[in-house]
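First the structure, in the form of structure tokens, and then the observations on it.
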2 protein chains.
Amino acid sequence: MKSSSNSDWMKGSLDLMVLSVLASGSKYGYLLQQELQQASGGLVELQAGTMYPLLHRLEAEEWIRSRWDETTGRRRKWYELTDAGRNRLTQQAREWESYADCIRALLARVIDPVPRPA
Amino acid sequence: MKSSSNSDWMKGSLDLMVLSVLASGSKYGYLLQQELQQASGGLVELQAGTMYPLLHRLEAEEWIRSRWDETTGRRRKWYELTDAGRNRLTQQAREWESYADCIRALLARVIDPVPRPA
DNA sequence: GGTCAATATATAGACTGGCGATACATGCGT
DNA sequence: ACGCATGTATCGCCAGTCTATATATTGACC
């Protein structure tokens, strides 16, 4: 049984993706969802039931903060990175790069196998 | 709280890593564990409690098959890719590349282009 | 005026899967 | 004899994602 609508690679990268989208400015959830989907070329469809708990968690961990906009009929909760969140993002980004390189190296042997000296 | 000894990026990539290590030839679990750790430069430490259930699952899904080697005192269960598993691997590898590119594109917008003082 | 879809946030419950702990057995060095 | 590395395995915990559902507003279409 496939469990996710996205592929499972994303499982550990959602924090990173959300933080990176927020890096370009404050967003409310629904907007973030749209932008992430667009920025990923449709690859990432962050479900509401995934996103809101995720945002709540990121806020509890103080990587982001929120404030309600009640001025319009539609209640919107805007999120922005904290300073800590911004640091977190750059650090996570660097970490991700090295892990990606690691996987890439593993895959290189599969895609372009170097004949072993026997 | 950090939950894993590895970073969480790996969560969705373990199947891929295991398959790719098996692509270079049959391995038994313990050996696979060692080789993966070495091949990743120590980044990936696949725990036994993670690996064996994972191998059983991959076998149940018929991406890999196993046979016992009882000729030595130490019982070893050797795993090898099935044909389906090999196809799976190349397909997953391609998928992973596009997801990695996707993340890379997201991150490109936030990372300072100062990787090395030149 | 009524209905429907899109916008907007939220939670509950199911399910997956990695992890630490634990178990058990063998081989080897000392 | 003892301890450590080798080797496979399972269990319970729990973090985190998904589906389904709830609620409310707005705008379009009829």
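The values are calculated or read from the model by the stated rules, or taken from the named source; none is laboratory data. Keep in mind that this is a model prediction, so the values were computed, not measured. Neighbour counts run over all protein chains shown; Cβ positions are idealised from the backbone, glycine included. Calculation scope for accessible area: heavy atoms of the full protein, side chains included, ligands and nucleic acids excluded. Shrake-Rupley method; radii C 1.70, N 1.55, O 1.52, S 1.80 Å.
Checking B:Glu95, B:Glu70 one by one, the residue that is within 16 Å of DNA strand D (Cβ to nearest atom) and exposed (fewer than 13 other Cβ atoms within 10 Å of the Cβ) is B:Glu70 and no other.
I need the helices (runs of 4 or more DSSP H) fully contained in region B:1-69, keeping only those with at least 3 residues that are away from chain A (no Cβ under 14 Å). Steps first, answer last, please.
Numbers: elements: B:14-22, B:29-39, B:48-60.
Because the criterion is at least 3 residues that are away from chain A (no Cβ under 14 Å), the helices (runs of 4 or more DSSP H) in region B:1-69 that meet it are B:29-39, B:48-60.
A:Glu62: open to solvent by 80 Å² or more (accessible area, probe 1.4 Å), touching a Ser or Thr at 6+ places or on another chain (Cβ under 8 Å) and charged (D, E, K, R), yes or no? Yes.
Flag: B:Ala84 does not match the condition of being at the interface with another protein chain (Cβ under 9 Å from one of its Cβ atoms), within 20 Å of A:Asp8 (Cβ to Cβ) and more than 15 Å from DNA strand C (Cβ to nearest atom). Of the listed requirements (1) open to solvent by 70 Å² or more (accessible area, probe 1.4 Å); (2) of a type in the set (S, T, N, Q); (3) touching a Phe, Trp or Tyr at 6+ places or on another chain (Cβ under 6 Å), A:Ser26 misses just one: (1).
Quick grid of which residues meet (1) touching a helix residue (DSSP H, G or I) at 6+ places or on another chain (Cβ under 7 Å); (2) charged (D, E, K, R):
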{"position": "B:Lys27", "(1), (2)": "yes, yes"}
{"position": "B:Leu31", "(1), (2)": "no, no"}
{"position": "B:Gln37", "(1), (2)": "no, no"}
{"position": "B:Met51", "(1), (2)": "yes, no"}
{"position": "B:Leu58", "(1), (2)": "yes, no"}
{"position": "B:Glu62", "(1), (2)": "yes, yes"}
{"position": "B:Arg67", "(1), (2)": "no, yes"}
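Quick check on A:Arg74: is it modelled with pLDDT under 95 and either within 10 Å of DNA strand C (Cβ to nearest atom) or touching a Pro at 6+ places or on another chain (Cβ under 7 Å) (or both)? For A:Arg74, the condition - modelled with pLDDT under 95 and either within 10 Å of DNA strand C (Cβ to nearest atom) or touching a Pro at 6+ places or on another chain (Cβ under 7 Å) (or both) - is met.
Hey, among A:Ile111, A:Ile103, which residue is within 17 Å of B:Ala100 (Cα to Cα), among the β-branched types (Val, Ile, Thr), within 12 Å of chain B (Cβ to nearest Cβ) and open to solvent by 60 Å² or more (accessible area, probe 1.4 Å)?
Details: A:Ile103 fails: open to solvent by 60 Å² or more (accessible area, probe 1.4 Å).
Result: A:Ile111 is the single residue among A:Ile111, A:Ile103 that is within 17 Å of B:Ala100 (Cα to Cα), among the β-branched types (Val, Ile, Thr), within 12 Å of chain B (Cβ to nearest Cβ) and open to solvent by 60 Å² or more (accessible area, probe 1.4 Å).
Within the set A:Tyr52, A:Tyr28, the sole residue that is within 7 Å of DNA strand C (Cβ to nearest atom), hydroxyl-bearing (Ser, Thr, Tyr) and free of Cβ contacts under 8 Å to residues at least 40 places away in the same chain turns out to be A:Tyr52.
Among the residues making up region B:73-92, those that are within 16 Å of DNA strand D (Cβ to nearest atom) and open to solvent by 80 Å² or more (accessible area, probe 1.4 Å) are B:Gly73, B:Arg74, B:Arg75.
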